[in-house]
Amino acid sequence: MVKGVLCPHCANGQPMNYHYKKWHCPRCKWVDQDALKKALKDYRLLVGPKLTNKGFREFFAIDSPNVAYKLLQQLPLKADGTKKHRQYWIME
Ligand SMILES: [Zn+2]
């Protein structure tokens, strides 16, 4: 399984880096704002509808829990529980 937000223009699943609210491909320099929404669909198919901050960071290769939190807030997710026990559900 290839993890991360992958560049739609590069072969072999080139992972993109999150930087200044956009996803950047280090190989072809493609910049994408919605790459994560597409990646979320892949996550749902590959892993399932449930997400946690930790699982999100592992899958999308994001180091910072704060950045992960901010990204999670922007996505069409249903949140459940509080703080550390917070879980997110990916909507259809
Ligand atoms: Zn690329």
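Mind listing just one residue for me: the one in region 27-40 that is without any contact (Cβ under 8 Å) to a residue 24 or more places away in the chain and out of contact with any strand residue (DSSP E or B) (no Cβ under 6 Å at 6 or more places or on another chain) and, of those, surrounded by the most Cβ atoms within 10 Å (Cβ to Cβ)? Don't jump to the end; show me each part of the working.
Step one: list which residues in region 27-40 are without any contact (Cβ under 8 Å) to a residue 24 or more places away in the chain, which gives 27-31, 33-34.
Cutting the leftovers down to out of contact with any strand residue (DSSP E or B) (no Cβ under 6 Å at 6 or more places or on another chain) gives us 27-30, 34.
Numbers: Arg27: 14, Cys28: 12, Lys29: 9, Trp30: 16, Asp34: 9.
The residue in question is Trp30.
Of all residues in region 1-51, which are closer than 23 Å to Ala79 by Cα, within 16 Å of the ligand (Cβ to nearest atom) and not charged (D, E, K, R)?
Gly4, Val5, Tyr18, Gln33, Ala35, Leu36, Ala39
It is to be established whether one or more residues within region 36-45 are touching a Lys or Arg at 6+ places or on another chain (Cβ under 9 Å) and of a type outside the set (Phe, Trp, Tyr).
no
Filtering region 48-90 down to residues that are hydrophobic (A, V, I, L, M, F, W, C) and touching a Pro at 6+ places or on another chain (Cβ under 7 Å), which residue is surrounded by the most Cβ atoms within 10 Å (Cβ to Cβ)?
Pass one, region 48-90, residues hydrophobic (A, V, I, L, M, F, W, C): 51, 56, 59-62, 67-68, 71-72, 75, 77, 79, 89-90.
Cutting the leftovers down to touching a Pro at 6+ places or on another chain (Cβ under 7 Å) gives us 61, 89-90.
On the way: Ala61: 13, Trp89: 13, Ile90: 17.
If we take residues in region 48-90 being hydrophobic (A, V, I, L, M, F, W, C) and touching a Pro at 6+ places or on another chain (Cβ under 7 Å), then Ile90 is surrounded by the most Cβ atoms within 10 Å (Cβ to Cβ).
Considering only residues that are more than 13 Å from the chain's Cα centre (by Cα) and at pLDDT 90 or above, look in region 67-88 and name the one that is farthest from Trp23 (Cα to Cα).
First pass over region 67-88, keeping only residues more than 13 Å from the chain's Cα centre (by Cα): 78-87.
Pick out the ones that are also at pLDDT 90 or above and you get 78-81, 86-87.
Working: Lys78: 23, Ala79: 24, Asp80: 27, Gly81: 29, Arg86: 25, Gln87: 24 Å.
Restricting to residues being more than 13 Å from the chain's Cα centre (by Cα) and at pLDDT 90 or above, the top hit is Gly81.
One line per residue, one yes/no per condition, for (1) out of contact with any His (no Cβ under 8 Å at 6 or more places or on another chain); (2) on the phi < 0 side of the Ramachandran plot; (3) assigned to a loop (DSSP other than H, G, I, E, B); (4) not basic (Lys, Arg):
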| site | (1), (2), (3), (4) |
| --- | --- |
| Asn12 | yes, no, yes, yes |
| Trp23 | yes, yes, no, yes |
| Pro26 | yes, yes, yes, yes |
| Lys29 | yes, no, yes, no |
| Ala39 | yes, yes, no, yes |
| Tyr43 | yes, yes, no, yes |
| Gly48 | yes, no, yes, yes |
| Lys54 | yes, yes, no, no |
| Arg57 | yes, yes, no, no |
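The values are calculated or read from the model by the stated rules, or taken from the named source; none is laboratory data. This structure is a prediction, so every number in the text was calculated from the model and none was measured. Because the Cβ atoms are built from the backbone with ideal geometry, glycine has one as well, and the counts that use them run over all protein chains shown.
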